[in-house]
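Only one structure is covered here, and it is reproduced in the block below.
The values are calculated or read from the model by the stated rules, or taken from the named source; none is laboratory data. Since we're looking at a predicted model, the values are computed, not measured. Methodologically, a virtual Cβ is constructed for each residue, glycine included, from the backbone with ideal geometry; neighbour enumeration extends over all protein chains shown. Just the protein is used for accessible areas: all its heavy atoms, side chains included, with ligands, DNA and RNA removed. Shrake-Rupley method; radii C 1.70, N 1.55, O 1.52, S 1.80 Å.
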Amino acid sequence: MKIAVPKERRPHERRVAVSPETVKKLKALGFDVVVETGAGEAAAMPDRLFAEAGATIAPDAASAYADADIVFKIQRPLRAGEGDLDEMSLIKRGAYLIASLSPYQDMEGVAAYASAGINAMAMELMPRISRAQSMDILSSQNNLAGYKAVIEAADHYNRAMPMMMTSAGTVAPAKVMVFGAGVSGLQAIATAKRLGAIVSATDVRPATKEQVESLGGKFLMVEDEESKAAETAAGYAKEMSDAYKAKQAKLIADTIAKQDIAITTALIPGRPAPKLIDEAMVQSMKPGSVIYDLAAETGGNCTLTVPGEVVVRHDVTIIGHFNVPSRVPVDASNLFAKNLLNFVSPHVKDGVLSFTWDDETVAGILLTRDGQIVHPQFSGQGA
């Protein structure tokens, strides 16, 4: 069976869906791996490394996609009208498309996969179960996003992060507040602590308190009856009531004025990012403070965030970069590639990929199959 790995064509994307290491392992499983020329260039993985690992280098996208049984991608393929190349038209009927497909933001795409007869699998829907941890692209990529957010925020913060005792006086440590203690938030806490900052964090889920404190952060939250059930079965934060949001806003307003850096990570699957920092809160921050909004792509946690841009408002720098994991392209590619390898490996026998459709890791991410939308969250969209 042939695995195609095309070059990513969506804006702000520097990752590639395989690494030389995973190419070797896929070859050992019996696959033919075809990588489009230049696919790994932005991730410091030139064609020669893939060729040395056993991949065939295709001269263009059409050659890479041709007769491929499986397509590994980072982001969803371009459709007609979205760019210079209609990638969807190059994927053969019956092929498996395994990537981050953003179905909540692109329901038209889900219907298009069904119409094209593509078996589409959205890796970001991977169930949060122990067996699937090594396949979870959200965990691997968000971990790097949390790290990168702190590093870039520190770069924009025109002061030192740790306490410094000097003959000329003492430099006070930076105060960092992290909003959301999921994977990216916890990594942000750990990174800020390593840089010597005083770190606090807030989350609506009481279960995260122990994790925050284990990393040396101070945990802040509104504790009431609603907060006791603030986590979904899948481990994500629930949408909270307006009354709870008002209490949370007061807690944040009382705290953020004392902070130097805020890292916001709050996301709710399938919905716009919750607004946690309003203009008045930004105004209350000290001049030179920094907000890094990791939720910028879904509207931002700060009302003044401009998605895709770095802006200064009320003397506070607000960072809203798109696709933060792609800003660490080498490690992000390596981890994403391992997630894909770990997902398909249990379903391969004698070089043939054959899924067990009722397997949790398969059923949880399968959007379309045999020309139909089969995922329960999207099946009402129609093909």
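For a quick check of your reading: which strands (runs of 3 or more DSSP E) sit entirely within segment 1-90 and have at least 1 residues that are over 24 Å from S102 (Cα atoms) and among the acidic types (D, E)?
It comes to 32-36.
Going by the conditions given, is S200 free of Cβ contacts under 8 Å to residues at least 40 places away in the same chain and either open to solvent by 60 Å² or more (accessible area, probe 1.4 Å) or not charged (D, E, K, R) (or both)? Criteria not met by S200. Among the residues of segment 267-306, those identified as in a loop (DSSP other than H, G, I, E, B), in contact with a Pro (Cβ under 8 Å, 6 or more places away or on another chain) and surrounded by fewer than 24 Cβ atoms within 10 Å (Cβ to Cβ) are I268, G299. Every test in (1) modelled with pLDDT of 90 or more; (2) more than 27 Å from V312 (Cα to Cα) is passed by I151 save one, and that test is (2). Residues considered: E52, E13, E36. Of these, the only one that is buried (at least 22 other Cβ atoms within 10 Å of the Cβ), acidic (D, E) and farther than 15 Å from V344 by Cβ is E36.
Conditions (1) within 29 Å of K250 (Cα to Cα); (2) not polar (S, T, N, Q), marked per residue:
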| residue | (1), (2) |
| --- | --- |
| P287 | yes, yes |
| K338 | no, yes |
| N342 | no, no |
| S354 | no, no |
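For segment 203-225, filtered to residues that are assigned to a loop (DSSP other than H, G, I, E, B) and buried (at least 17 other Cβ atoms within 10 Å of the Cβ), the residue that is farthest from the chain's Cα centre (by Cα) is V222. Taken as a whole, the condition of being in contact with a strand residue (DSSP E or B) (Cβ under 9 Å, 6 or more places away or on another chain), in a loop (DSSP other than H, G, I, E, B) and crowded, with 18+ Cβ neighbours inside 10 Å does not apply to L340. Within segment 289-337, being under 18 Å from S140 (Cβ atoms) and in contact with a strand residue (DSSP E or B) (Cβ under 7 Å, 6 or more places away or on another chain) holds for L294, F336.
Is segment 310-325 home to any residue that is touching a residue at least 40 places away in the same chain (Cβ under 8 Å) and closer than 19 Å to S134 by Cβ? Among the residues of segment 310-325, at least one is touching a residue at least 40 places away in the same chain (Cβ under 8 Å) and closer than 19 Å to S134 by Cβ, which makes the answer yes. Just the residues that are open to solvent by 10 Å² or more (accessible area, probe 1.4 Å) and either touching a Ser or Thr at 6+ places or on another chain (Cβ under 6 Å) or among the β-branched types (V, I, T) (or both), please, taken from segment 312-329. Those that are open to solvent by 10 Å² or more (accessible area, probe 1.4 Å) and either touching a Ser or Thr at 6+ places or on another chain (Cβ under 6 Å) or among the β-branched types (V, I, T) (or both): V312, T317, V328. Only a single criterion out of (1) farther than 19 Å from L294 by Cα; (2) touching a residue at least 40 places away in the same chain (Cβ under 8 Å) is not satisfied by Q187, namely (1).
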